[in-house]
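Here you go, one structure.
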Amino acid sequence: MAGPSCFPLPTPDLPPQIGFQIRTRVQDLGHGCIFLVQKAGALQVCPTDSYTKRELIECARAVTEKVSLVLSALQAGNKGTQACITAATAVSGIIADLDTTIMFATAGTLNAENNETFADHRENILKTAKALVEDTKLLVSGAASTPDKLAQAAQSSAATITQLAEVVKLGAASLGSDDPETQVGTGGPRGPTDTVRQASEESKGKIGTLGVDNMCTVTWDGTVYARCRQHTCPLRLPVVVPTVSPPLTSPITARAALWFQRLTETPCTLWVVLINAIKDVAKALSDLIGATKGAASKPADDPSMYQLKGAAKVMVTNVTSLLKTVKAVEDEATRGTRALEATIEYMKQELTVFQSKEVPEKTSSPEESIRMTKGITMATAKAVAAGNSCRQEDVIATANLSRKAVSDMLTACKQASYHPEVSEEVRTRALRYGTECTLGYLDLLEHVLVILQKPTPELKHQLAAFSKRVAGAVTELIQAAEAMKGTEWVDPEDPTVIAETELLGAAASIEAAAKKLEQLKPRAKPKQADETLDFEEQILEAAKSIAAATSALVKSASAAQRELVAQGKVGSIPANAADDGQWSQGLISAARMVAAATSSLCEAANASVQGHASEEKLISSAKQVAASTAQLLVACKVKADQDSEAMRRLQVMVTDAGGKILLLERAAGNAVKRASDNLVRAAQKAAFGKADDDDVVVKTKFVGGIAQIIAAQEEMLKKERELEEARKKLAQIRQQQYKFLPTELREDEG
């Protein structure tokens, strides 16, 4: 066992009693382990000794108890760290609860209780926020104090942030109960609501689309439901539509229309701003608790102490931002400015985390990083619009959208950059342009702040330059993300890539049908004197060869399509993107027709050899395969070089498939002819064996004979009419199918 020097000694901030307990209990544990090893050795020498077995069991039980005592002593000496862990868990739950609250606020279901106003909660919010600042000071000082003081500070901070989150949520809910500009719920404000409800009843049953920037789509049946495109959740609003399509028959009052417009322009944005502010405070407190836990009992010059000071600074900044937001909520002239300032501070903190060397816990794909850049593009357009309009409602919406867009972009960029398959050079490039994109967007928002304070045409004109800088950084970031994928990556939305995928899919389906044919065997039946079985084998072999030929044909078409892309005839000129897409659709349509026709041929061959279908259906299926292969060849010829190797190979494949289809038609035709001859011989033999023909009984009376002739003619006319209707139906089917063919196939067929 280890000597006494290896046992933990009391540290300066550890109470002497706890240090003594740790030392003595570890010593007892060591002695217990010695006895346990000795008894185990004795039992190994004499395995049948029951007394030694009991002693070994007692020693094992004693060691278990002593381990528990050591753990309890360590936990008592580490009370501050344990309290920090518990507090961090509680704060994480608060952050998740605030995320849920934001979702309900966006959906318009966060309603006030007892008709309270925001003024009823303002003082509680300010008082609780100041108490949290005092707890923060105790938490920072507790890192260099005793574990008991650190534990007390952590517990107090967790309790205070819980109370602060509750009062802020109550205050946010009260915003909608008295302010028509922020009311988003099923109740609506008094006054305009009556007009709205009356107009809704007048327009009951109508369906229309909002004319306010086409922001919402509204349907109603006594109650109007709106879905705002700038939020993720639907808004349920008892409102009336100022401009609808089709227009309403009854007039809508200007008062209700104006009230609805104010609702749709600023739906629940103040709620989101306020709850985001308390969420930032909770996240800063979580980081501060983690930094305090890491810096506990460390010297003043330890790096963790510098991290603790930085976390404390962020905490104070976020609490100050919350106080400013609370004071600006009821000030219409500054609420948007305050929301934008809070968003800028939040983005700076997110950028600091992004630039840290900490590796993310999980990785994401480059496609996810590219998808997140779309949010930056939308937010940039929103910020430019807010800078031009200088309306507080637009600024608030921009602040909320920017917060999420930048956070998602930075998270996805860092996770994709640290993927194991990404090289160091590409990672550095992606992180650099992610930083540049964020800095460019920060400059744009700060310029919007300047415009809000001094809205001059010169400053508004500069918005375009800031937005171009962000767009350039986004482009570079997308290129860096594409570099993560390697040279083998292709755009899945490219029409040429879609065409190649469809061609390969058609070839795979044809190969699957061919494999199914290989498992078939002709049905066994007794031989007869006037027929043989070899024609069924001919049909199967011909169908197999056709399936193989069409599979090779589709693969050759795919090779021809790739050759066109490599030559730059398809997909290289942006101005011809529409034509390339139309050509790709024609190629896809032809490939699908080949695959479908081949599948039908295989099913017909299977049914034919099993005796469930006629040879005429088999012939029709073979002709359909021939027609579809011809269309595929026409689609490839539209843009291909006739002298290229791929086109020559494709022409050979079409010729080969056509020859095999003729063989199948000939085999099936021989089968039809043979069956017809057998039927004629059987009928002649039956007629020869009978003295009288009983098939048709001719009536001898004059009137009865005429009636019999009329009935026969009627039946003949019915059959002719059915035949004519079948021909018309076939012609209509072909005409409808012709409408779906691409333009290239129609012209060449004509």
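Rule-based calculations on the coordinates, nothing more; no lab input. None of these values were measured; they are calculated from a predicted model. Here the Cβ is made from the backbone with ideal geometry for all residues, glycine too, and neighbour counts use every protein chain on show.
Sorted by mean Cβ packing within 10 Å, highest first, what order do the peptides 364-374, 23-33 take?
364-374, 23-33
Quickly work out the Glu368-to-Ala385 label distance, labels modelled 7 Å from Cα along the C-beta direction, and quote it in nm with one decimal.
2.9
List Met716, Met305, Met484 from most exposed to least, where exposure is judged by having the fewest other Cβ atoms within 10 Å.
Listing Met716, Met305, Met484 from fewest to most nearby Cβ atoms yields Met716, Met305, Met484.
Continuing with this model, one more query. Taking a spot 7 Å from the Cα of Tyr306 along the direction of its beta carbon, which residues of the range 333-360 have an amide N less than 20 Å from it?
349-359
With respect to the cross-link table entries Lys283/Lys374; Lys362/Lys404; Lys283/Lys485, which display a Cα-Cα separation exceeding 23 Å?
From Lys283/Lys374; Lys362/Lys404; Lys283/Lys485, over 23 Å: Lys283/Lys374; Lys283/Lys485.
Something else now. Go through 594-605, 468-479 and give me the packing order, highest mean Cβ count within 10 Å leading.
594-605, 468-479
Count charges around Cys33 for me, please; just the other residues with Cβ under 15 Å from its Cβ, Lys/Arg as +1, Asp/Glu as -1.
0
Something else now. Ranking request for peptides 350-361, 61-72, 270-281: highest mean number of other beta-carbon atoms within 10 Å first, then the rest in descending order.
270-281, 61-72, 350-361
Under the rule a/c < 1.5 gives rounded, and otherwise a/b versus b/c splits prolate from oblate, where does the range 392-461 land using the Cα gyration tensor?
oblate
Let me ask something else about it. In nm, to one decimal, how far is the modelled label at Arg61 from the one at Thr334, with both set 7 Å along Cα→Cβ?
Computed distance between label sites Arg61 and Thr334 equals 7.2 nm.
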